[in-house]
1. Which residues' amide hydrogens lie under 5 Å from the amide hydrogen of residue 80, considering only partners 5 or more residues apart or on another chain, with H built in the peptide plane?
2. Cut-off 17 Å, label point 7 angstrom out along Cα-to-Cβ of residue 76: give me the residues of the range 84-102 whose amide nitrogen falls inside.
3. May I ask you to evaluate 6.51 cos²θ - 1.76 cosθ + 1.60, the Karplus curve with θ = phi - 60°, for each residue of the range 101-108 and list the ³J(HN,Hα) values in order in whole Hz, giving x for glycine and proline?
4. Could you state how much accessible area residue 66 has, in square angstrom rounded to the nearest 10, with a 1.4 Å probe and all protein chains kept in place?
5. Using θ = phi - 60° and the Karplus form 6.51 cos²θ - 1.76 cosθ + 1.60, what ³J(HN,Hα) does each residue of the range 83-100 get, whole Hz, x for Gly and Pro?
6. Give me the accessible area per residue for the range 14-120, probe 1.4 Å, as a whole number in Å².
7. So if each residue of separation counts as 0.36 nm, and I subtract the Cα-Cα distance between residue 67 and residue 111, what length gain in nm does that give?
8. Using a ≥ b ≥ c from the Cα gyration tensor of the range 52-93 (square roots of the eigenvalues), is it rounded, prolate or oblate, where a/c under 1.5 gives rounded and otherwise the larger of a/b and b/c decides, a/b for prolate?
Amino acid sequence: QDALTELATLIERTTSQTMPLSVVLAAQPRFLQTLDHPDLINLAQRIRTTRKPTNFDASATGRYIDHRLHVAGSVEDNIFDEQAKHLVFETAKGVARNINRLCDLVMLAAYGSGETQISSRAMREIIQQEDDENSVSPGLGDMASRPVTPISPRTEASLPNNFLTSLPGGEGSCC
């Protein structure tokens, strides 16, 4: 909040000069709540545009998964069957970062078991594992409202050395 107060002061000083300062802020949706603080009213008044991304619907979730796979270099169609895509949508609530996380988990499991297709059975297993591992906190069905946690270090350490480069498109995950 101190940095935002300083930013507001800087913007205030530069707008009266001949060379106004333009700033683009990209933040999580809760940032708008932060701007409601009385110390930040000057900054909030100078924001011209805000955009909050909307969640994907079921069809867009499927297209998003296919697009991410294609961008990662996959030449295969239908890596995720339609039921698996629908389970991703239902579980991740259409939130892109949750879709990515869930797809990463199921593809890691598929890689470990030598599978080349993601079925609804495989997706249900991953959802159940996540629910079991997070039984103290809300289940994966409430994924949109809880923080995304990374894969545990023990899982990463057990991967083969060439795992990332063996994925379609080279380094990184595709969903």
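The values are calculated or read from the model by the stated rules, or taken from the named source; none is laboratory data. Remember, it's a predicted structure, so these values are computed and weren't measured experimentally. Using ideal geometry, Cβ is built from the backbone for each residue, glycine included, and neighbour counts are taken over all protein chains shown. Keep in mind that these areas ignore ligands, DNA and RNA; they rest on the heavy atoms of the full protein, side chains included. Shrake-Rupley method; radii C 1.70, N 1.55, O 1.52, S 1.80 Å.
1. 118
2. 84-85
3. 4, 5, 5, 4, 4, 5, 6, 5
4. 60
5. 5, 5, 4, 5, 5, 4, 4, 4, 6, 8, 6, x, 8, 4, 5, 6, 4, 4
6. On the way: 7030 Å² over 107 residues.
About 66 Å² of surface per residue is accessible.
7. On the way: separation 44, 0.36 × 44 = 15.84 nm, distance 1.97 nm.
Length gained, residue 67 through residue 111: 13.9 nm.
8. Numbers: a/c = 2.83, a/b = 1.40, b/c = 2.02.
Oblate shape, in that a/c is at least 1.5 and b/c is the bigger or equal ratio.
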